[in-house]
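Once you've had a glance at the structure underneath, I'll fire off some questions.
Where a number appears in this text, it was derived from the coordinates with a stated rule and is not lab data. Remember, predicted model here, so these are calculated numbers, not experimental data. FYI the Cβ positions are ideal-geometry reconstructions off the backbone, even for glycines, and counts take in every protein chain you see.
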Amino acid sequence: MPIPSKSEPAIVHSRDWHDPQTHIGVLEGLKLNTQVTLIRYVTEVVGEGPTLHVHPYDEIFTITEGRARFTIGNKTIDAEAGDVVFGPANIPHGYQNLGPGRLDSLDIHLSPEWIQYDLADGWGSANLLISADSKV
């Protein structure tokens, strides 16, 4: 016998959580009474992306358009549209647009709220993410 849901069906319109003028949109799970937070990151600039940071929960990255280079711990992973990348909790990570063109990702945070600790201010001079090993 299924257990009745404590939630109601709902919609959050794009305009209410993602501003096309910025690179990022955040929809915390608390708004929908769920345990998942969505982050949408979009950029046309090659080499741009979220710099090294960490979350106390797992994250799943979905590339919906373009290509990205991830640094997750001591691993470098290249992903393209349709690929899914897993970032374990408490492992420093970041990614950048590999180009050519637009990068659009929808990142699934396995938490009802967005908790992030930034570890790096930017990208290294070689256009690679600053080493995670040097920050922990």
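Hey, quick one: spin label on Tyr117, modelled 7 Å out along Cα-Cβ, who in the range 77-104 has an amide N within reach, i.e. under 14 Å?
89-93
Out of Val12, Val85, Val46, any idea which swings most in a Gaussian network model of the chain, alpha carbons joined below 10 Å?
Result: Val12 has the largest fluctuation of those listed.
If you don't mind, another one. Going by how many other Cβ atoms sit within 10 Å of their own, how do Asp16, Asp83 line up, fewest first?
Numbers: Asp16 11, Asp83 16.
Ascending Cβ contact count within 10 Å gives the list Asp16, Asp83.
³J(HN,Hα) across the range 39-55 via Karplus (A = 6.51, B = -1.76, C = 1.60, θ = phi - 60°), whole Hz, x for Gly/Pro?
10, 10, 10, 9, 8, 9, 7, 5, x, 8, x, x, 7, 4, 7, 9, 10
From the backbone phi of the range 59-70, what are the Karplus-calculated ³J(HN,Hα) couplings (6.51 cos²θ - 1.76 cosθ + 1.60, θ = phi - 60°) in whole Hz, Gly and Pro given as x?
Taking θ as phi minus 60°, the curve returns 9, 10, 9, 10, 8, 9, 7, x, 9, 9, 10, 9 Hz for the range 59-70.
Can I ask one more? Amide H neighbours of Asp107 under 5 Å, counting only residues 5+ apart in sequence or on other chains, H built in-plane at 1.01 Å?
Ile39, Arg40, Tyr41, Thr62
Right, something else. Roughly how many Å is it from the Cα centre of the range 54-68 to that of the range 5-49, as a whole number?
Result: 13 Å between the Cα centres.
Does the range 6-49 classify as rounded, prolate or oblate by the C-alpha gyration tensor (a ≥ b ≥ c root eigenvalues; a/c under 1.5 gives rounded; else a/b over b/c gives prolate, otherwise oblate)? Walk me through the intermediate numbers first.
Working: a/c = 4.42, a/b = 2.28, b/c = 1.93.
The shape class here is prolate.
Provide the descending list of Cα extents for the chain along its principal axes, expressed in whole angstroms.
Per principal axis, max minus min of the Cα coordinates gives 54, 31, 25 Å.
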